[in-house]
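Structure first, then comments.
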Amino acid sequence: MKYRDDEYEYENRRRDMEQRKRVRPDAEMASQRRRNPAGSDRTAYTGAGNASGMRNRTTSGSRNVSGGRSASGGRTSSGTRNASGTRASSGARSSSARNVSGTRTAAAGTGRRIGADPYDRSYAAGYYEETGAKRRQNSSGETAGRKGKRPLSPKAKKKRRIRRILFAVEGVLLLVVLAGLFIISKWDLIQKASFGKKDVHINELPENTVQSMEGYRTIAIFGADEKGSHSDVIMIANINNKTKEITLTSVLRDTFWNVPDLSNGDEDKYAKANNAYHTGGDLGALNALNKNLDLNITEYVTINWYAVSEVVDLLDGLEIDVPESMMDEINGYITNTQEEAQSWAPDGPGKGEKGTHHIEESGLQRLDGLQTVAYCRIRHNNGGDDGRTRRQREVVNMILEKTKQQGPARILGICEAVFPEVRTNMTLADILSMAPDIGSYRIVNNIAFPYHQIDAFVGSSGSVKVPLGLAEDVTQLHKDLFGDDNYVPSQTVQQISNKIESLTDYSAEDRRD
């Protein structure tokens, strides 16, 4: 078939234009619109069939409604009959065909009618819709290649997952390193103990008892009063090294038991538990815990009330439910605590001048640092010493949980504020070994010791808490701390238990369960 020169040129340009539209329709249509404004002769030429005798071809395979050949004598390519029943030839080829109205349509696959505006942007909608769909597929796990997008292979997905894990681990390690560097830089602020771990007294314990304690890290915590002469808080934090679970045990400060007096070397002295700190400091308090409880504690931390109030303030307070029965007593302690705060605080301008106010109503509310300290000191009309130690453990747990929710900057700020108020025999290596797991530690059990006790007046010690069977309570303590069902009290503990009974006339037989 022969084309006229002008049609041949137009056909080539039309095909080229269609091909370029598939690549980037927006830019191509804009270019064509500038070269060929709508309404030109080409648009008119494209819109209608010609009468020049040129053979028409179609890919749809149907004739027009007249039943005969088209004006140019062309045949359809599929050989189907038209509406009048005339068979179309199967040998002819055509790039366009007439529809029912006689208007020529574009080749199959383009979806556009010849004669319509070739620069209609609606044609590009499909292109962008398809591109958007491919991008969404790419974001959900597929990747683009040179010839399109293909799903990630299992191996590639595994590599991507490993990379993400490595990035997360690197971020955590970076924070740990920064925290370590900070602790190292501030380590000199912490008060160091004047004795070593080898100086601490430990009872002669059977091998099976020692083995039951393996896998645990036990640290004593002493809360010093405003003068630093008494430890109104005596706690034992027993940490499971594998699960990071903590059992927090409070020893009632008025517990009557053996108190080795380091000031005069009296090993057979019996008094209140907090008297050990008064006469022997940190070492005397550690020795008393190990001797009376068959423990092997060699690490301790002493912190004063001022540091506790600072931590609470840096955490923006604690949400605490204050009962109505506590209102008068807590406000009295708030006044007393604020007056004593100046003596707690370290030297320096503005230190100790902490503002606070009385609590006006009971119920759940946010307490500041001094109010929280007052809450921990109450004991007379709200559960006595048992209630006070319970509130102290409650506050320690709240501080731990809220600290875990803070960012690195806030945690480092707390460390900087608290370090000068801390005294310990733990080494820098000990602290750094625990720092990475701070987010994993959680208190799962709270204990008040002795389990069984009675209020009594004993000699010069005055009002005390007498253990009703110290050896029996120590047996239960080892089961709760270490899961040791086979523990047998050492000879030392059994002797102390017997001596308490002889001095007070109270024993395990006086328990009222």
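Among the residues of the stretch 326-347, is any within 30 Å of LEU477 (Cα to Cα), of a type outside the set (D, E, K, R) and at pLDDT 90 or above?
So far as the stretch 326-347 goes, no, none of its residues is within 30 Å of LEU477 (Cα to Cα), of a type outside the set (D, E, K, R) and at pLDDT 90 or above.
Suppose we filter ASN296, ASN287, ASN203, ASN208 for residues that are farther than 22 Å from SER463 by Cα, in contact (Cβ under 8 Å) with a residue 24 or more places away in the chain and within 38 Å of the chain's Cα centre (by Cα); which single one remains?
Only one candidate qualifies: ASN296.
Mind checking which pairs have a first residue in the stretch 343-369 that is of a type in the set (Lys, Arg) and a second that is at pLDDT below 85, Cβ under 6 Å, 6 or more apart or different chains?
Between residues of the stretch 343-369 that are of a type in the set (Lys, Arg) and residues that are at pLDDT below 85, the close pairs are LYS351/ALA345; LYS354/ALA341.
Considering only residues that are under 17 Å from ILE411 (Cβ atoms) and either in contact with a Gly (Cβ under 7 Å, 6 or more places away or on another chain) or in contact (Cβ under 8 Å) with a residue 60 or more places away in the chain (or both), which ones fall in the stretch 437-449? Show your work before the answer.
Filtering the stretch 437-449 for residues under 17 Å from ILE411 (Cβ atoms) gives 437-442.
Within the stretch 437-449, ASP437, SER440, TYR441, ARG442 meet the criteria.
Tell me, which strands (runs of 3 or more DSSP E) lie completely within the stretch 129-224 with 1 or more residues that are modelled with pLDDT under 65 and open to solvent by less than 90 Å² (accessible area, probe 1.4 Å)?
Correct list: 142-145, 148-151.
Pull up the stretch 413-464, narrow it to residues that are within 30 Å of ARG512 (Cβ to Cβ) and hydroxyl-bearing (Ser, Thr, Tyr), then point me to the one that is surrounded by the fewest Cβ atoms within 10 Å (Cβ to Cβ).
Result: SER460.
Within the stretch 278-305, restricting attention to residues that are hydroxyl-bearing (Ser, Thr, Tyr) and open to solvent by 10 Å² or more (accessible area, probe 1.4 Å), which residue is nearest to SER212 (Cα to Cα)?
Going through the qualifying residues, I end up with THR298.
Grab the strands (runs of 3 or more DSSP E) fully contained in the stretch 227-279, keeping just those with 3 or more residues being under 44 Å from the mean Cα position of the chain (by Cα) and in contact (Cβ under 8 Å) with a residue 12 or more places away in the chain.
231-240, 245-251
Could you pull out the residue among LEU283, LEU262, LEU248 that is among the aliphatic types (A, V, I, L, M), more than 21 Å from ILE431 (Cα to Cα) and in contact with a helix residue (DSSP H, G or I) (Cβ under 9 Å, 6 or more places away or on another chain)?
Being among the aliphatic types (A, V, I, L, M), more than 21 Å from ILE431 (Cα to Cα) and in contact with a helix residue (DSSP H, G or I) (Cβ under 9 Å, 6 or more places away or on another chain) holds for just one of LEU283, LEU262, LEU248, which is LEU262.
Are there any pairs, at least 6 apart or on different chains, whose C-beta atoms fall under 6 Å, with the first in the stretch 450-465 and touching a residue at least 60 places away in the same chain (Cβ under 8 Å) and farther than 11 Å from THR255 by Cα and the second part of a helix (DSSP H, G or I) and open to solvent by less than 30 Å² (accessible area, probe 1.4 Å), and if so, which?
VAL458/THR504
In the stretch 381-419, which residue that is modelled with pLDDT of 85 or more and among the acidic types (Asp, Glu) is farthest from ILE443 (Cα to Cα)?
Across the stretch 381-419, the extreme among qualifying residues is ASP386.
The values are calculated or read from the model by the stated rules, or taken from the named source; none is laboratory data. Treat the numbers as computed from the prediction; the structure is a model and nothing was measured. Cβ coordinates were reconstructed from backbone atoms using ideal geometry, including for glycine residues, and neighbour counts include every protein chain displayed. Protein only, heavy atoms only, side chains kept; ligands, DNA and RNA dropped before computing areas. Shrake-Rupley method; radii C 1.70, N 1.55, O 1.52, S 1.80 Å.
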